Amino acid sequence: MAMSASYKSGEIKSLMLPGPVGQLEALLNVGAEDATHAALICHPHPLFGGTMHNKVVYNAMKSLTKFGFHALRFNFRGTGLSAGTHDEGRGERDDVRAGLDFLDHEFHLPIIFCGFSFGAATGLKATCGDPRVVGQVSLGTPVSVEGRLYEYQFLSGCTAPKLFISGSQDQYSPEPALRAAFANAAEPKKLVIVPEADHFFVGKLNLMQAALEEWVAEKFATSRSRA
């Protein structure tokens, strides 16, 4: 299916998406003319500085666009120029669905979800079972955060391929707790622990990217050569 004339391959478009409580500020990295997939990337906790410009989110986007995919990042409600106020992950799930709706409407392609920290916890739940979503990526999955409870029992019903990448020194994702959450997830699934990496993969972002790219190449292989 040909890409709309309103998009030019390789451009970055600044957008305001229609959201459930008002517009959501977004950036779209337009993929190749013959893109096979679109990707939605969600940012970490907005009350602790998380935005769509976060380094982990940005580097995940760069990895996904290497495959020619369209990649959409957006600011959750109450973040940046997005309307509304923070809703502790409840309303934010509807924000994720608004992002899916935009990608589906614009490109009619299978979607890969990728979230970091709060964005992972929120987006995994929002995208679980959505037929438009063919893969789920969780970076720095939060499982033990003071004052916040993240539970992942629902993953037992998520049958799309799943990739979990966390650092061995992730302060919000102790490996035993992460492995317990991972064990509950339905197959197919893969867990990658990046040695000596913290929650934000400081100094290890290249290893996070390598793991992400290897998985995408394996699960969603295309003939496109990666840059």
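Fully extending the segment from MET16 to ALA83, taken as 0.36 nm per residue of separation minus the present Cα-Cα distance, adds 23.1 nm. For segment 114-214, the calculated P(r), taken from all Cα-Cα distances in 5 Å bins from zero up to the bin holding the longest distance, is 3, 14, 27, 27, 18, 9, 2, 0 percent. Which entries of LYS162/LYS219; LYS62/LYS219; LYS13/LYS219; LYS62/LYS125; LYS55/LYS190; LYS55/LYS162 have Cα-Cα distances beyond 20 Å here? Over 20 Å apart, Cα to Cα: LYS13/LYS219; LYS62/LYS125; LYS55/LYS190; LYS55/LYS162. Taking the DSSP beta bridges with both ends in the chain, the antiparallel portion is around 35 percent. Taking Cα centre as origin and charging only the Cβ of basic (Lys, Arg, +1) and acidic (Asp, Glu, -1) residues, the dipole magnitude of the chain rounds to 280 debye.
Taking the empirical scaling 2.2 N^0.38 Å for compact globular proteins as reference, segment 115-154 has a Cα radius of gyration ratio of 1.17. When the Cα positions of GLY78, VAL216, VAL96 are compared along the charge dipole of the chain, VAL216 comes out farthest toward the positive end, with charges on each C-beta of Lys, Arg, Asp and Glu.
Where a ≥ b ≥ c are the square roots of the eigenvalues of the C-alpha gyration tensor, would you call segment 12-219 rounded, which needs a/c under 1.5, or, failing that, prolate if a/b is larger than b/c, or oblate? In terms of gyration-tensor shape, rounded.
The Cys residues in the chain with no partner Cys Cβ within less than 4.7 Å of their Cβ are CYS42, CYS114.
Since every read-out is calculated from the coordinates, none of them should be taken as a lab result. Source: prediction; values computed, not measured. Heads up, the Cβs are rebuilt from the backbone with ideal geometry, glycines too, and the neighbour counts pull from every protein chain shown.
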